[in-house]
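Participant: Starting off with a structure, shown below.
The values are calculated or read from the model by the stated rules, or taken from the named source; none is laboratory data. Here the structure is a predicted model, which means the values were calculated and not measured. All Cβ positions, even for glycine, are placed from backbone atoms using ideal geometry, and neighbour counts span all protein chains on display. All accessible areas refer to the heavy atoms of the entire protein, side chains included, with ligands and DNA or RNA removed. Shrake-Rupley method; radii C 1.70, N 1.55, O 1.52, S 1.80 Å.
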Amino acid sequence: MSTAVRTARPVGSRRRLRRFVPPQHGAWAMLLLPYTVGVALVGPRWPHLPLLGAWLAGYLLSYYVFQAVKTRRPGRFADQLLAYGLVTAPLAAAVVVARPAVLWYAPVYALLLAVNAGYAWRRRERALLNDLASVAQSCLLVFVVATIAGVPLADVAPAFLALLLYLVGTVLYVKTMIRERGDAGYLRLSVGFHLLALVAAVWLDLLLAPVFLLLLARAVLLPARRLRPAQVGVIEIVCSLLVLAVVLVAL
């Protein structure tokens with residue numbers, strides 16, 4: 001076998017794999033943080049496992065659904081839609097059978113996904129409202145996890161609010177670092193929101209103050225620096241881990 005043939009196979013495999021993995025690396029922290037917080041606060045139950053699978057596979061499915069909507073070429077993504085649909089459906093069904101009460105969240109998720117689909121149709125996926133709809137979907141998972149465990153929603157509401165403050169702030173901050181870099185209006189919006197988030201976090205629990213003060217400092221100081229997207233991502237991973245730790249300790 002020639003060297004060209006031997007090297008072509010791994011390259012081809014990587015190329016096929018990339019067809020099934022969205023280039024949205026920052027989304028994974030937003031997907032996993034609320035789930036992890038929710039399960040840690042209410043205690044694991046067996047339906048939480050298929051919920052995680054359905055949540056992650058459902059995200060992958062939705063990504064390619066919106067790509068199909070955006071391009072008006074659903075056939076181009078048929079393989080991805082079939083693969084992730086076949087994974088998502090039975091896992092989601094297992095959760096519903098185990099805890100039918102989770103269906104109460106279906107209309108809210110349908111509305112938020114409709115917002116995403118509308119922006120995909122208009123090819124405006126980077127719009128702020130579209131990002132906020134995705135944040136809302138992610139944070140609501142805290143309540144879904146609590147419902148599965150039979151825990152009152154009031155018990156996890158402070159954690160939901162803390163994560164909502166963090167993730168909305170992150171959306172605004174990341175825009176000032178990349179796509180809206182140099183936009184004074186976005187910078188003021190980001191800094192103003194982080195100030196309000198700090199006040200709200202102190203109201204929730206004083207232990208949240210140091211982390212939200214740090215988040216405010218990064219929103220004020222880092223947009224003046226020329227950081228690569230990868231560096232912005234690493235910083236945000238660290239911030240998400242700090243938020244995870246302090247929310248579990250404080251709330």
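Participant: Got at least one residue in the range 184-194 being among the β-branched types (Val, Ile, Thr), out of contact with any strand residue (DSSP E or B) (no Cβ under 7 Å at 6 or more places or on another chain) and open to solvent by less than 70 Å² (accessible area, probe 1.4 Å)?
Facilitator: Going residue by residue through the range 184-194, those that are among the β-branched types (Val, Ile, Thr) are 191.
When the remaining residues are screened for being out of contact with any strand residue (DSSP E or B) (no Cβ under 7 Å at 6 or more places or on another chain), the result is 191.
Keeping just the survivors that are open to solvent by less than 70 Å² (accessible area, probe 1.4 Å) gives 191.
Taking every residue of the range 184-194 in turn, at least one turns out to be among the β-branched types (Val, Ile, Thr), out of contact with any strand residue (DSSP E or B) (no Cβ under 7 Å at 6 or more places or on another chain) and open to solvent by less than 70 Å² (accessible area, probe 1.4 Å).
Participant: Of everything in the range 156-210, what is within 23 Å of residue 35 (Cα to Cα) and among the polar types (S, T, N, Q)? Give them in sequence order.
Facilitator: 170
Participant: Could you check, for the range 212-228, whether at least one of its residues is open to solvent by 40 Å² or more (accessible area, probe 1.4 Å) and either polar (S, T, N, Q) or touching a Ser or Thr at 6+ places or on another chain (Cβ under 6 Å) (or both)?
Facilitator: no
Participant: Report every pair of residues separated by at least 6 positions or lying on different chains whose Cβ atoms are under 9 Å apart, first residue within the range 112-124 and among the hydroxyl-bearing types (Ser, Thr, Tyr), second in a loop (DSSP other than H, G, I, E, B) and open to solvent by less than 60 Å² (accessible area, probe 1.4 Å).
Facilitator: Here the result reads 119/125; 119/127, each pair linking the range 112-124 to a residue that is in a loop (DSSP other than H, G, I, E, B) and open to solvent by less than 60 Å² (accessible area, probe 1.4 Å).
Participant: Answer yes if at least one residue in the range 132-146 is of a type in the set (A, V, I, L, M), closer than 19 Å to residue 39 by Cβ and open to solvent by 20 Å² or more (accessible area, probe 1.4 Å), and no otherwise.
Facilitator: Checking the range 132-146: at least one residue is of a type in the set (A, V, I, L, M), closer than 19 Å to residue 39 by Cβ and open to solvent by 20 Å² or more (accessible area, probe 1.4 Å).
Participant: Determine whether the range 157-164 contains at least one residue that is within 20 Å of residue 103 (Cβ to Cβ), touching a Leu at 6+ places or on another chain (Cβ under 7 Å) and crowded, with 17+ Cβ neighbours inside 10 Å.
Facilitator: no
Participant: Here is a further query. Would you mention how many residues in the range 36-53 are assigned to a helix (DSSP H, G or I) and open to solvent by 30 Å² or more (accessible area, probe 1.4 Å)?
Facilitator: 5
Participant: Which pairs do you get when a residue that is assigned to a helix (DSSP H, G or I), found in the range 90-106, comes within reach of a residue that is surrounded by fewer than 12 Cβ atoms within 10 Å (Cβ to Cβ) and of a type in the set (Phe, Trp, Tyr), reach meaning Cβ atoms under 9 angstrom, with the pair 6+ apart or on two chains?
Facilitator: 98/46
Participant: Also: Looking at the range 171-200, I want the residues that are under 17 Å from residue 134 (Cβ atoms) and have a partner that is open to solvent by less than 30 Å² (accessible area, probe 1.4 Å) with Cβ atoms under 6 Å, at least 6 apart or on another chain. Which pairs are those?
Facilitator: 172/190; 173/190; 173/219; 193/169; 193/172
Participant: I'd like to check something: does the range 118-131 contain any residue that is open to solvent by 70 Å² or more (accessible area, probe 1.4 Å), part of a helix (DSSP H, G or I) and of a type in the set (Phe, Trp, Tyr)?
Facilitator: Scanning the range 118-131, I find at least one residue that is open to solvent by 70 Å² or more (accessible area, probe 1.4 Å), part of a helix (DSSP H, G or I) and of a type in the set (Phe, Trp, Tyr), so the answer is yes.
Participant: Do you know which of the residues in the range 77-111 that are open to solvent by 70 Å² or more (accessible area, probe 1.4 Å) and in contact with a Ser or Thr (Cβ under 9 Å, 6 or more places away or on another chain) is nearest to residue 46 (Cα to Cα)?
Facilitator: 99
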